[in-house]
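The values are calculated or read from the model by the stated rules, or taken from the named source; none is laboratory data. Source: prediction; values computed, not measured. Here the Cβ is made from the backbone with ideal geometry for all residues, glycine too, and neighbour counts use every protein chain on show.
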Amino acid sequence: MNRNRKKIRVAIIGGGVAGLSAAFRIREELRTASVDYDLILYEQKGKCGGATQTLSDKGYALEHGPNGWLSSEPLTGRLIEELGLTSELITANEAAGNRYIFTRNRLQPIPTTPLKFLVSGLLRPWEKIRVAGEYFVPPRKDDRDETIYDFGCRRLGKGFAETMLDPMVSGIFAGDIHQLSLPATFPKMRSMELEYGGLFKAMFAKKREKKKNRTNSQEAGPSGPAGVLTTLQGGTGRLSETLAATMQDVIQKGKEVSSLSRENDEFVVTCGGERRSFDAVVMAVPAHRASKIVEPLNLQLSQTLQEISFANVAVVCHAYESQTIPQKLNGFGHLIPRRDGIRALGCLWTSCIFPNQAPNGTVLLRTIFGGAHDPEILDLSDSDMIDLVVESTATTLGFKAVPLESWIFRHPRGIAQYTLGHRERVKKVEQFCEQLPGLAFVGASYRGVALNRCIRDAYTIAPRILQPFGIHADSLNEPVSN
Ligand SMILES: Cc1cc2nc3c(=O)[nH]c(=O)nc-3n(C[C@H](O)[C@H](O)[C@H](O)COP(=O)(O)OP(=O)(O)OC[C@H]3O[C@@H](n4cnc5c(N)ncnc54)[C@H](O)[C@@H]3O)c2cc1C
């Protein structure tokens, strides 16, 4: 141990996947540097994990929030390996490659090849011609922000934006395509336009590069994103539980942080009336919570964080005996465009994606409600929510049955909405942190809502937060994921 250095005191506020991964990484770096340290993770609830929790009940694995992550992020792979969980990884059933959109009263497959796109009934003939015309649409070079809807209409036409982009955005962000910023939510689409002149041009160029290099990496395609959907035996909650278990010595549960201030060149965290000083602080709570906590630190920062909006989401897991369902559900699930007037955003066919998450002879589905269009969803009683599930299953999947079992998970302000101006807001937060070394904000509110992005964020801040103390942490030499 290096006794010349004073003890380094680090606080992590929030014990979701972002906070847990940040704490894990920082502790590894501090241990490697052989310095004396005090590391505390404050979690307001009695259990860590935040949105990433799995309930195990009657043989079902029931996800509160995320049902997996894509295998394309190397840092998630590294975390899994460091936790000794590699042998527990489970990848989605191949049939999960079949994805559907319910529109115009029909469940229709999302085409995976140009030929399938041509014969697909999802878009009308003139809408397909408009999509093909994307090749000739000149790129927009300026850095002005643009909604997903405007980008979609400009490059691929209104039909594509309303039928394909709208449900995709519901599926990932539970968001409104008229409000969300394309460069903030799908930065790769914007860079495809900027670097290659358009989406088709980029896809063709990447195909050529792949052929030349003879690689077989999985790129994002029209039917789904890059990588394979992956989870752990027992569900995604196993990740947060394992993280929490390895850091029992660091975690303080049932501790709600109320404020963060700066006194005598130190950060002061107030929790339950108790004040404690730290050299560095990682804020890993959602931005609306962070906004309140940092009020004593800086009002402008607090205001910027407050401007990041969130959508309420409700997840209903519902199970049936297989024989009560007329058709075999062989796919990932279906999404529903908002213009079709159905309250559900979509439904995941969980027992097809991960067959081990439901007992033999049963079918487990997860219907998602709420989102930016429907903030009142959380006011519904459990029985009203089940009625909605029965109604939407009858319309979209063609069977009317009361579920054998059901479980409801409500997420007030559950998913951050990267609306127009989001990139500027995040830049302001980052600029503030640059002026105050030792402070960082991580998690789904800022640079990406997916688990992969939260883990990348956490791993990336670890070296930055320790640098002011002369610790040159492990450089992250993994390539950035696709
Ligand atoms: C319904 C749903 C489905 C999703 N599906 C997917 C998916 O399939 N794949 C995917 O990659 N991502 C998915 N996501 C996104 C993913 O779950 C989140 O991005 C991720 O869990 C966010 O982690 P986090 O640590 O940033 O925040 P959170 O999980 O929200 O954790 C924040 C933690 O901070 C604690 N906290 C709050 N305030 C305080 C305070 N004052 N003091 C102390 N502690 C506090 C909270 O109790 C919580 O534990 C989904 C999200 C939802 C809601």
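Assessment of region 398-421 against the conditions (more than 13 Å from the ligand (Cβ to nearest atom), part of a helix (DSSP H, G or I) and modelled with pLDDT of 95 or more) yields no matching residue. Hey, does region 371-388 have a residue that's within 30 Å of L305 (Cα to Cα), touching a Gly at 6+ places or on another chain (Cβ under 6 Å) and surrounded by 19 or more Cβ atoms within 10 Å (Cβ to Cβ)? So far as region 371-388 goes, yes, one or more of its residues are within 30 Å of L305 (Cα to Cα), touching a Gly at 6+ places or on another chain (Cβ under 6 Å) and surrounded by 19 or more Cβ atoms within 10 Å (Cβ to Cβ). Can you find a residue that is among the polar types (S, T, N, Q), closer than 22 Å to A444 by Cβ and assigned by TED's automatic domain parsing to the domain that holds R410 anywhere in region 75-83? Among the residues of region 75-83, at least one is among the polar types (S, T, N, Q), closer than 22 Å to A444 by Cβ and assigned by TED's automatic domain parsing to the domain that holds R410, which makes the answer yes.
Scoring V119 on the criteria (1) in contact with a helix residue (DSSP H, G or I) (Cβ under 8 Å, 6 or more places away or on another chain); (2) at pLDDT below 95; (3) of a type in the set (V, I, T); (4) farther than 23 Å from F173 by Cβ leaves a single failure, condition (1). Being under 30 Å from N105 (Cβ atoms), in contact (Cβ under 8 Å) with a residue 40 or more places away in the chain and of a type outside the set (S, T, N, Q) is true of H373. Report, by residue number, each residue of region 431-456 that is under 11 Å from L305 (Cα atoms) and more than 8 Å from the ligand (Cβ to nearest atom). Correct list: F441, Y446. Of the strands (runs of 3 or more DSSP E) entirely within region 80-166, those holding at least 1 residues that are touching a Pro at 6+ places or on another chain (Cβ under 9 Å) and surrounded by 13 or more Cβ atoms within 10 Å (Cβ to Cβ) occupy 99-103. Of all the listed residues (Q248, Q303), the sole one being loosely packed, with under 15 Cβ neighbours inside 10 Å and under 25 Å from the mean Cα position of the chain (by Cα) is Q303.
Quick grid of which residues meet (1) crowded, with 16+ Cβ neighbours inside 10 Å; (2) in a helix (DSSP H, G or I); (3) in the same structural domain as A440 (by TED's automatic domain parsing); (4) at pLDDT 95 or above:
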{"residue": "V269", "(1), (2), (3), (4)": "yes, no, yes, yes"}
{"residue": "V281", "(1), (2), (3), (4)": "yes, no, yes, yes"}
{"residue": "V285", "(1), (2), (3), (4)": "yes, no, yes, yes"}
{"residue": "R289", "(1), (2), (3), (4)": "yes, yes, yes, yes"}
{"residue": "L329", "(1), (2), (3), (4)": "yes, no, no, no"}
{"residue": "S351", "(1), (2), (3), (4)": "yes, yes, no, yes"}
{"residue": "N356", "(1), (2), (3), (4)": "no, yes, no, yes"}
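The residues on offer are F160, F117, and the sole one that is touching a residue at least 24 places away in the same chain (Cβ under 8 Å) and within 27 Å of the chain's Cα centre (by Cα) is F160.
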